[in-house]
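No value in this document is a laboratory result; all are computed from the given coordinates. The model shown is predicted, which means the values in this text are computed figures rather than measured ones. Here the Cβ positions follow ideal geometry from the backbone for every residue, glycine too, while neighbour counts run over all protein chains shown.
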Amino acid sequence: MADELTPGPDATQRRPSAAFPAVLAVLFLLATPVSYVGAYDRLTWWLETLPALLALPALALAWPRWRLSNLLLVFIFLHALILLTGGHYTYARVPLGDWAAHAFGWTRNNFDKLGHLAQGFVPALLTREILLRWSPFRQTPRSLFVPVMAVACPLAFSAFYEIIEWWVALATGTAATDFLGTQGDPWDTQSDMLFALVGALAAVTLMGRAHDRSIARVEGR
């Protein structure tokens, strides 16, 4: 009976080491002061980067019991870099967005849309992983519930984030102009949520198999 309950040596060897997540954490810690030093506006920097700053301690606290797959950690790290970049320049002034606007003839800097795409993509993978690993659905056949929730949760979060931006604007007045980043677009809020929806749908439809393999590796299967 003990042999049946104890993972074999092969399963233990297949389980990824903590080195890779530690490297991502160190890179994030190095990138954070680089983003802060010389930031265009300190208040905007804190407003834009706060989700990333909260994510690292949250992941560290959850690590002993809820270790995420390496694929998801990579995308969380990339999303954090987007937030740090937007916080440093403000989204309307990111040089890459200015270059793209000039190259493609856009009338605005669309780097913030990349951020909202990630705001849908990464939470969709996170929702999917939580449901498949730590919810009752991990022991039931796959159904439409998991992909539907993996899209619905990020979309709900995106809508709530727009409400938070509105509250911040009311509380800080003109100081929140760079945080809102509407650039004079009256439909900016709606397009932000659309990009989050597109990101969530892309994560669910394009990353499913790769995500499943990454989950299997972190679980030693």
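Hey, what's the Kirkwood Rh for segment 16-124 if you take every pair of different alpha carbons, in angstrom? The partial results should precede the final answer.
Numbers: mean 1/r = 0.0676 Å⁻¹.
Across segment 16-124, the inverse of the average 1/r is 14.8 Å.
Restricting to Cα atoms and excluding each atom paired with itself, what does the Kirkwood estimate give for segment 17-218 in Å?
Values: mean 1/r = 0.0561 Å⁻¹.
For segment 17-218, inverting the mean 1/r across all distinct Cα pairs yields 17.8 Å.
Cα axis of helix 208-218 to longest principal axis of the chain: angle in degrees, 0 to 90, nearest 10?
Value to nearest ten degrees: 60.
Compute the angle between helix 95-104 and the longest alpha-carbon principal axis of the chain, please, reported from 0 to 90 degrees and rounded to the nearest 10.
Helix 95-104 and the main axis of the chain meet at about 80 degrees.
Nearest 10 degrees, 0 to 90: what angle lies between the long axis of helix 111-134 and the longest principal axis of the chain (Cα atoms)?
20
Report the longest stretch of the chain that contains none of the chymotrypsin sites (Phe, Trp or Tyr not before Pro) sitting in a DSSP loop with at most 14 other Cβ atoms within 10 Å.
On the way: sites that count: Tyr40, Trp66, Trp106, Trp187.
The reported range is 107-186.
Placing +1 at every Lys and Arg Cβ and -1 at every Asp and Glu Cβ, with all other atoms neutral, what dipole size does the chain have around its Cα centre, in debye to the nearest 20? List each step's numbers first, then the result.
Values: 16 positive and 16 negative charges, 157 e Å.
Dipole about the Cα centre, nearest 20: 760 debye.
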